[in-house]
Structure formats: C-alpha cells, structure tokens
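The values are calculated or read from the model by the stated rules, or taken from the named source; none is laboratory data. Keep in mind that this is a model prediction, so the values were computed, not measured. Don't worry about glycine lacking a Cβ; one is built from the backbone with ideal geometry, like all the others, and counts go over all protein chains shown. Calculation scope for accessible area: heavy atoms of the full protein, side chains included, ligands and nucleic acids excluded. Shrake-Rupley method; radii C 1.70, N 1.55, O 1.52, S 1.80 Å.
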Amino acid sequence: MANSRFLQNFFRLLIFTILVVSCSSDSGEEETMTNTSATVEGFYTGSIEITINNDDITVPMSLIVNMSATNKFEGDFFETNSFVPCCSTNEQDGTFNFDYNPTTMALTNFIIRVDFNIDPNTPCTGLYTGSGTLDASGNANKIVAQMNVDDCNVSNTPAVFTVTKIRELQ
C-alpha cells in the first residue's frame, strides 16, 4: 500500500514538473520575439557609401523597419534622410526585407527593391542585395550592411549601408 501511494505521488510530481517546464518555455519564446521586435523595429537614418567611376559618393538614406514575422523584417526605403522619397512619385523610393538572427545579430537575405520613377520616360528600378549586422551596443542601434547595387546607374557595384536608429515606431 505504501508503495502504491509513493508511485501515485511520484507520478503527480512528474506531471506537475512537465507542465511547469512546458509553460515556462513558451513564455520565453514570446519574450524573445518581443525583445527582437523592440530591438530592431524603428526609424533609421544614415547613408550609402559607393564608388562610381572612381568617385567616392555618399548618399543619404532612411529606413522604416517593421517586423513581418518572427526574426523577419520589412519596410520602406528612402534615398533621403528625412523619410520622404527623393526620386519617386510613390510614397517611398523602394521597399526592403531581411532576416535577423538575434543570437549572432546577423542580417541575412537583405534585399532592397528601388523604384525611382520621378521621370516616367526613364524609370529606374534596381535591386540591392547583401548582408550585415545589427550593433545594439551603446545608446542607439546601428545597421551596417555590405550590399551589391544593381540599378539604372550602376551594375554589380559594392556599397556599404550604415544607418542608426533615431526613434522607435509609434
């Protein structure tokens, strides 16, 4: 009789432990997703550094970064630092997306699609592809990405994008 009571109590304790562990692991995943979103989402400004015809050129840029799925981000690209399009009749100069690894802070599959169409007779579309990192040290997050630029002005040209978060999404 004592053995059966011992076994009943043992199994109750085992089931209780399994429930506690499974519940706590779910909330950790949700917390990680929320922290990732808060870390990456926001308004960023900075510049593109590119060499064209042996001239080093710095072009302003800004991004509005939104989370689209767990560790996947997307948003609007502007070739200005004021979140307004410079070269398009659209609401933005392009769109982008990237994947984010919160463990390594790596940005992969970074793709910017530009659509400069201010002159309907000579539209300029392009694709900027690459990878980078998120630097979350210090007071502001900084994205640095090594990109390959293909558009109506250049073909297969390396560039460096550096943008710093200036504020959170509202």
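Couple of notes before you dig in:
- The listed residues ASP56, ASP150, once ranked by accessible area (1.4 Å probe) with the largest placed first, stand as ASP56, ASP150.
- Label-point separation, ASN117 to GLU49 (7 Å along Cα→Cβ), nm: 3.4
- Annotation: for a label point projected 7 angstrom from Cα along Cα→Cβ of THR89, residues of segment 96-139 with backbone N closer than 17 Å are 115-125.
- Accessible surface calculations at 1.4 Å, restricted to protein heavy atoms, place segment 29-170 at 53 Å² per residue.
- Between ASP56 and GLU168, residue separation times 0.36 nm minus the direct Cα-Cα distance comes to 37.2 nm.
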